[in-house]
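Laboratory data are not the source of any read-out in this text; all were calculated from the coordinates shown. Remember, it's a predicted structure, so these values are computed and weren't measured experimentally. Don't worry about glycine lacking a Cβ; one is built from the backbone with ideal geometry, like all the others, and counts go over all protein chains shown.
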Ligand SMILES: Nc1ncnc2c1ncn2[C@@H]1O[C@H](COP(=O)(O)OP(=O)(O)OP(=O)(O)O)[C@@H](O)[C@H]1O
Ligand SMILES: Nc1ncnc2c1ncn2[C@@H]1O[C@H](COP(=O)(O)OP(=O)(O)O)[C@@H](O)[C@H]1O
Ligand code: SF4
Ligand code: SF4
Ligand SMILES: [Mg+2]
Ligand SMILES: [Mg+2]
């Protein structure tokens, strides 16, 4: 499948998020949980990318970091051609970031290629090209200005366009606020409505859009069922007319019959508003249904990323194979061969050397504990990080 | 056949609320034998958790068992004093809660909480109990249990918290394990491990399991029989193969139709329209009548009885024959 002509909405490069582990009386930092450890991926406009993997492998952390609800430890997050990373850094760190990621790199490349045009030609990513052009035309000051001017507007733009729907329809809505206030908050913050009356109209529309009666506008969250609350969460996210929504286990807590209603709703809204979804879930049948592509994470890394059909029909990473085999099939007479992974789930505080899956991988060899396999394209955008991709069939 | 280890008989559980009485469970019956697994499936709010909390005698203050019996080894534990119940709870009948934070106290480390249980019920000293706690955490797949044992619940990921709670429930080798959506928050490889673990322990100790879940895949995999609940009542009950192969209740059938299947691509999922009725105003008739594609006038006014449609397979519906025709039609369509 050709993805070249599709527009990249979100680009994540070498993203890392480490949490400090503290201990002792003085609460000193003794180690770090490497919740997300150097992952890169692109999300195309209008697509749904599924994110699956072992509990604790860093899916939610990835989602929260992309949205800047957590600050990344390292890495770059580009949205719609805009590097949003420095927008949320303190001034000195932002300057340092721009220097390291762009200026010194551009200078090095210029030394190598001797010509600015050649540098731009040889840069792979559009964002890099864009910032290189600005740097070569307007110098270091110009680039800093480009990236850090109007910072408040840019932050707001980011906040508005990047939304999240949480897993828990109970705790994610403030119980003391009526539905109107819950949804109106963002509308006013972002100046999307001019008057209270306009907000009310807009919120009523939104409620109808997500399949709730507009009469519910003055009710409190506790008066709704889980599925209805999830619809309210969706309406709140939609209110700001976002480009991208991270749905973190957004249907997991719902009843099966309601789950299918909400999935259908998410799909309808995606078509209508050209939404892009990052869909985090552990139900692989649901992920397969809703996603265009699926990324499989293991211990803070992406180990496989492919079109869903390729991934489900022909998983190449041993972990993905095990994952697929573990899916419970709703048929009591169906007997399948299940691969129960052996060994402890390693800790993200002290991940195994080389390939992080080697402690549990059924086909691990010597090299696996020594050398980390990079995520490489095996053809048609089917990316795998394994020295022996495709060799374990279960 | 031996007597069931746990038998719930016509259980009614009601809550007093500001808006009047909520009849959350309205005559539920089922039984489990040693070594057997019963699944309870159903819409949220249908009374699954209230049923299990009634068995555990952990209902909120405003709740009461209004009618019915809960026979554990033949003894009705629905009315025994709280002091006696304390010896049963956790030791004889243990529960894994739907929401880990209801079982885990945020101000104590995970280890402290498990150790306390073990010391209370198994009479071990602190050191042995700590060792056992670490072993249990390892068994449920928590990495570096020696370190995690001293962490607070909020320092664990959602799935790890769930596993910590499972370890706590298993800590005293209970005879009956009630698992209220124990793997809902988990990814499938860990789920497979935990299901496998529960099956192993079941084999080893003959533990009976009541497994509450909305994942029909897990139901099919784990259970010997199932009770499908809707609006406070059991609407279908029987062995697992009959229920999946020959569903006899429109709700069960709708549920099976709503789930995405790995081996089928569909543009759009089937779904049951509407939502569960509010338990404050359950309809007079069949609880499913506002959503059921087969509903007729009669369904709104009268409550169908649970009747035996084939040996050991029960359904609560006036129009089972019509449903059977629909099921057959769609099965032909599939082929
Ligand atoms: N605030 C925090 N402090 C310390 N460690 C944390 C914090 N938040 C998350 N972690 C750790 O980061 C790792 C990744 O957690 P994350 O919540 O992203 O997992 P997940 O993939 O979403 O898992 P699940 O499927 O269980 O929700 C885990 O080891 C977790 O314990
Ligand atoms: N403490 C309580 N007070 C009032 N109503 C309650 C209480 N606990 C549960 N209920 C109600 O009882 C019904 C059944 O709840 P529950 O058993 O938790 O459903 P589920 O099948 O999802 O586990 C619900 O309508 C719920 O709101
Ligand atoms: S690199 Fe080695 S250990 Fe890692 S998944 Fe591949 S075969 Fe297994
Ligand atoms: S009794 Fe009527 S409403 Fe209830 S399940 Fe049967 S057909 Fe549907
Ligand atoms: Mg998570
Ligand atoms: Mg429940």
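Tell me, rounded to the nearest percent, the portion of alpha carbon pairs in chain A spaced more than 35 Å apart. Everything past 35 Å amounts to 34 percent. Our summary of shape: the Cα atoms of chain B have principal axis extents of 65, 47, 44 Å, ordered from largest down, in whole angstrom.
Across all Cα atoms of region B:194-255, the radius of gyration (one decimal) and Dmax (whole number) stand at 12.6, 38 Å.
Per residue of A:189-195, other chain Cβ atoms within 10 Å of the residue Cβ number 0 on average.
Working from Cα pairs under 8 Å separated by at least six residues, relative contact order for chain A is 18 percent. Its alpha carbons considered, region A:155-199 gives a radius of gyration followed by a Dmax of 12.0, 32 Å. For region B:49-90, a Kirkwood radius taken over Cα pairs fed into Stokes-Einstein (10 °C, viscosity 1.306 mPa s) yields D = 149 µm²/s. For region B:174-308, the Kirkwood hydrodynamic radius from C-alpha pairs, put into Stokes-Einstein at 25 °C and a viscosity of 0.890 mPa s, yields a diffusion coefficient of 145 µm² per second.
Using Cα-Cα distances under 8 Å and only pairs 6 or more residues apart, what relative contact order does chain B have, in percent?
19 percent
The mean sequence separation of alpha-carbon pairs under 8 Å and at least six residues apart, normalised by the residue count of region A:158-290, gives a relative contact order of 33 percent. At the listed q of 0.13, 0.21 Å⁻¹, the Debye profile of region A:158-290, built from one uniform point per Cα, gives log10 I(q)/I(0) equal to -0.49, -1.33.
Neighbouring Cβ atoms from other chains, within 10 Å of the Cβ of residues in B:267-278, number 5 on average. For region A:321-388 versus region A:246-289, the spacing of their alpha-carbon centroids is 26 Å. A crude spin-label estimate for the pair residue B:150 and residue B:69, with each label 7 Å from Cα along the Cβ direction, gives 5.2 nm.
Working note: Cα gyration tensor of the protein assembly as shown, eigenvalues times five, square-rooted, sorted largest first, giving semi-axes of 46, 31, 25 Å. According to the Kirkwood relation over distinct C-alpha pairs, the hydrodynamic radius of region B:154-203 is 11.4 Å. Region B:212-268 and region B:14-85 have Cα centres separated by 22 Å. Our Cα-only numbers for region B:138-224 put the radius of gyration and Dmax at 12.8, 38 Å. Mean partner shielding of peptide A:49-59, defined as the number of other chain Cβ atoms within 10 Å of each residue Cβ, is 4.
In what sequence do B:225, A:96 fall when counting other Cβ within 10 Å, fewest first?
Going from least to most buried by this count: A:96, B:225.
Among beta bridges from DSSP that stay inside the protein assembly as shown, the antiparallel ones total about 65%. The calculated FRET efficiency for the pair residue B:305 and residue A:380, based on their C-beta separation and a Förster distance of 45 Å, comes to about 0.20.
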